[in-house]
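K.L.:
The following block contains the structure, expressed as structure tokens.
FYI, it's all coordinate maths here, none of it is from the lab. What you see is a predicted model, and the numbers here were worked out from it, not measured in a lab. Glycine gets a Cβ as well: all are built from the backbone with ideal geometry, and neighbour counts include every protein chain shown.
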Amino acid sequence: MDLVTLGETLVCLSGQETGRLETVRTFRKSVGGAESNTAIGLARLGLRSAWLSGVSLDGFGEEILKLLRGEGVDVEGVVRGPQPTGLMVKERRAPGDVHVHYYRQGSAASYFDADDLEPARITAARRLHVTGVTLALGAAPRRAVHRAVEIAAAAGMPISFDPNLRLKLWTVDEAVAACAELFPYVTDLLCNEQEAMLLAGSATLDAAVESLLDRGFPTIVVKRGEFGAVGYRDGDVVHQEAWPVQAVDSVGAGDAFNAGYLYGQLTDLSFKRSLEVGNWTASHVVAHIGDYEGFPTADDYRTWVDQDVEVTR
């Protein structure tokens, strides 16, 4: 196994008309979740990924598992329960203006606890990836994340962490405190500009990165959307431009970047090239409606690499 992750996957309802939620009559149903999005992205690119969580026994839970299995993600570590599947609703108030509403309290994933983790499912992988979303779901999933991180750290595994701050789920102070508890274990901090400043308590990105580097992160990656990404490692600062794209749905862009970046790290690409693959992967996802539907495949990647080599020569 190349990567293991854990978190909640939701049923997603996306309004098909532009307008406020109360005026929309048609919704498109799909599936999405920060961690499973990244797992799907890696599987599409040809790596082996596993996803751990609590999943409902309801029909939506069945749909989630069928989808992930069909995408090649290992779900053998999933625990089933009678609680409902969590729900996410996307409200498109204007082109490019998407508001997200969560209905997650009491979901099956919120009952996933440390005791539900089998250590061998963590140590069977080469990397662990976790996000702050799972920390926000409640005490049980927070314990599960801590247990997974402790197991991975003891095994000497690299651990990537995306704060993925969802301030509709908790306050800034709660989020920053919970994320900080994981910092000593994290090898790759993958955040956006706002998250970097919130985590560091700084007013500017430069000050935030300096503060975070002082905390001992070996690698920090700041995702900047249309402006690309900036990586910090071993005293070097690497800027990588974004791929030009007409974005139609930016939800899931960060997860897509994570998948591309982690693919690069797992296949021994350079730090700069890993950032480039992250941007390239994200550009595919935001060009499609849905959290994961636009992920490129291994064939897409090989075609891109071949074209890139030809142009370079």
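K.L.:
Using r as the Cβ-Cβ distance of D236 and H99, and R0 as 45 Å, what FRET efficiency do you calculate, to the nearest 0.05?
P.N.:
Values: r = 38 Å, r/R0 = 0.84.
About 0.75, to the nearest 0.05.
K.L.:
Using alpha-carbon positions, what is the distance between the centroids of region 110-185 and region 195-238, in Å?
P.N.:
Going from one Cα centre to the other spans 20 Å.
K.L.:
Using just the helices of the chain, give the 222 nm mean residue ellipticity in deg cm²/dmol: DSSP H runs with n ≥ 4 each add -39,500 (n - 2.57), and the total is spread over all residues, rounded to 500. Spell out each step's value before the answer.
P.N.:
On the way: 11 runs with 121 residues, N = 313.
My calculation for the chain gives -11500 deg cm²/dmol from helical runs alone.
K.L.:
Specify whether the C-alpha gyration tensor of region 230-276 places it in the rounded, prolate or oblate class, a ≥ b ≥ c being the square roots of the eigenvalues: rounded for a/c under 1.5, otherwise prolate if a/b is larger than b/c and oblate if not. Mind dumping the intermediate values first?
P.N.:
Values: a/c = 2.34, a/b = 1.63, b/c = 1.44.
Prolate.
K.L.:
Region 9-79: D in µm²/s via Stokes-Einstein (Kirkwood Rh, Cα pairs, 37 °C, 0.692 mPa s)?
P.N.:
Working: Rh = 13.2 Å.
In µm²/s, the coefficient is 248.
K.L.:
Bin width 5 Å, origin at 0, all Cα-Cα pairs of region 189-313: what percent of pairs per bin?
P.N.:
2, 11, 20, 23, 19, 13, 7, 4, 1, 0
K.L.:
Please compute P(r) over all alpha-carbon pairs of region 95-137, binned at 10 Å starting from zero, and give each bin as a whole-number percent.
P.N.:
19, 40, 27, 12, 3
K.L.:
Hey, could you pull the Cα Rg and Dmax for region 143-194, both in Å?
P.N.:
Taking only Cα atoms of region 143-194, I get Rg and Dmax of 11.7, 34 Å.
K.L.:
Once both labels are modelled 7 Å past Cα along the beta-carbon direction, what's the S202-E226 spacing in nm?
P.N.:
2.5
K.L.:
About the Cα centre of region 110-207, what is the dipole size in debye to 20, counting +1 per Lys and Arg Cβ and -1 per Asp and Glu Cβ, all else neutral?
P.N.:
Details: 8 positive and 13 negative charges, 50 e Å.
Approximately 240 debye in magnitude.
K.L.:
How many lysine pairs are close in the chain, with Cα atoms under 27 Å apart and the two 8 or more places apart or on different chains?
P.N.:
Working: K29/K66; K29/K90; K29/K168; K66/K90; K90/K168; K90/K223; K168/K223; K223/K272.
Lysine pairs satisfying the spacing and distance rule in the chain number 8.
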